[in-house]
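First comes the structure, then the notes that go with it.
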2 protein chains.
Amino acid sequence: MYSAPSIQKLLDELERLPGIGPKSAQRIAYWILNSKSSDALRLADAIVEVKQKVHFCKQCFNYAQDDLCEICASEKRAQDIICVVSESRDIPPIERTGAFTGKYHVLGGALSPLEGIGPDSLHVTELLARLNDPSIQEVIIATNPNVEGETTASYLARLLRPTGVKVTRLASGLPVGGDLEFADEVTLGRAIESRRAL
Amino acid sequence: MYSAPSIQKLLDELERLPGIGPKSAQRIAYWILNSKSSDALRLADAIVEVKQKVHFCKQCFNYAQDDLCEICASEKRAQDIICVVSESRDIPPIERTGAFTGKYHVLGGALSPLEGIGPDSLHVTELLARLNDPSIQEVIIATNPNVEGETTASYLARLLRPTGVKVTRLASGLPVGGDLEFADEVTLGRAIESRRAL
């Protein structure tokens, strides 16, 4: 593919995308080369548009096209419960469950002393400010069940205690449809600790 | 991700790329959202540029930015041997071997009666025209070793016989570093048929 500098440039850009290696980049580049101009340019336009129009929601820091994201702007969502996530990308999987109808708050990361990410790097002050609204009854902390996520959850739980708002955490345990035999010991241990009455 | 229409549009476009499913599309979309504007726009520009500047080489139908692709324009390449491939994307793997220093000819597909691809859909006439040059000594047919590729190779071999040019085909056999135990019977059969004297 050395023959055309424009193709090499496209390959270089494609290879910088996450999960795209040289082979995938080549496959996509040839798809773009072979496809109708209008098809390829729609992709280019979509990239430009997303960078121009999408910014952070003023309230929850999810991605939004208006001042508020659709969830914050919606009157159908419960106003008394906030689900705190690390990143915007954690919202779609929660939405897909249909089990949560409240609002979100995106921290913009998780605490990680090793990477120099402290509370000041996260949207924590803004979360506290939102809790001044007396209608908020509960904060669900939905950070990832890994070291950084657990650290962030403990930190937030301690920080929010004085506000009197109920603070909860997503349950850890066996994945539904999973096999006891193949569960790792930490997950299984957590499932035993958090056993429910039947 | 339903929240921002621009993001949904980007996801839709990304999912149309080959090998990109909903999860990869989401990962790439978030990468684009999180990256600096200049980084994301470089990708968009590269797509636009490739569609504007790249077209087919007048001689071999490889992708090119000038009238001739770099290989056809090069004086360092052997002028007496042409390697015939189905698609432009078959050229980089051959180039990487360093085993071929001649010119190429891209057919633009392979014969497939089922899909209605006959000789007229391929750049066959143009190949014949190139063979009017008396300096051409050999044509290597490097179509894929599958049904369409083999059909195309037989067709071309028959068609080129009257020209008196030497026509050869890439060898089929065991992949280097492969295991006899795991070779499929067709490949192994071909390897036995084409055995070499040592």
At A:Ser37, label 7 Å along Cα→Cβ: distances to the other copies, nm, ascending? 2.7
For a quick check, take a GNM of chain B with Cα springs below 10 Å and name the residue from B:Gln59, B:Gln137, B:Gln26 with the largest mean-square fluctuation. B:Gln26
Using alpha-carbon coordinates, inclination of helix B:22-34 to the longest axis of chain B, degrees: 60 degrees
Rounded to 10°, Cα long-axis angle of helix B:5-15 versus longest principal axis of chain B: 20 degrees
What does the charge add up to near B:Cys72, with Lys and Arg as +1, Asp and Glu as -1, over the other residues with Cβ less than 15 Å from its Cβ? -3
In Å, descending, principal axis extents of the Cα set of the range A:56-198: 49, 37, 30
Please compare each pair in A:Lys23/B:Lys9; B:Lys23/B:Lys103; B:Lys23/B:Lys58; A:Lys166/B:Lys9 to a cut-off of 29 Å on the Cα-Cα distance and tell me which ones are over it. B:Lys23/B:Lys103; B:Lys23/B:Lys58; A:Lys166/B:Lys9
Which percent of the accessible heavy-atom area of the range B:109-152 goes to carbon and sulfur, probe 1.4 angstrom? 56 percent
Computed about the Cα centre, the charge dipole of the protein assembly as shown from +1 Lys/Arg and -1 Asp/Glu charges at the Cβ has a magnitude in debye, to the nearest 20, of 200 debye
Closest approach to the axis - chain A beta-carbon, rotation onto B, Å: A:Ala44, 2
Expressed in square angstrom to the nearest 10, the accessible area of A:Arg42 with a 1.4 Å probe stands at 110 Å²
Result for the protein assembly as shown: accessible area per residue, probe 1.4 angstrom, in square angstrom, of 56 Å²
Inter-copy label distances at A:Ser172 (7 Å, Cα→Cβ; nm, one decimal): 5.5
Rounded to the nearest 100 Å², what is the buried accessible area between B and A, both sides summed, probe 1.4 Å? 5200 Å²
Which percentage, to the nearest 5, of the DSSP beta bridges contained in chain B is antiparallel? 20 percent
With T = 37 °C, eta = 0.692 mPa s and Kirkwood Rh from C-alpha pairs, the Stokes-Einstein D of the protein assembly as shown in µm²/s is about 127 µm²/s
In nm, one decimal, shortest first: how far is the label point of A:Asp184 (7 Å from Cα along Cα to beta carbon) from the matching points in the other copies? 3.7
What net charge do the residues around B:Ile136 carry, taking every other residue with its C-beta under 12 Å from that of B:Ile136, with Lys and Arg at +1 and Asp and Glu at -1? 0
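The values are calculated or read from the model by the stated rules, or taken from the named source; none is laboratory data. Remember, predicted model here, so these are calculated numbers, not experimental data. Glycine gets a Cβ as well: all are built from the backbone with ideal geometry, and neighbour counts include every protein chain shown. Surface areas here come from the heavy atoms of the whole protein model, side chains and all, with no ligands, DNA or RNA. Shrake-Rupley method; radii C 1.70, N 1.55, O 1.52, S 1.80 Å.
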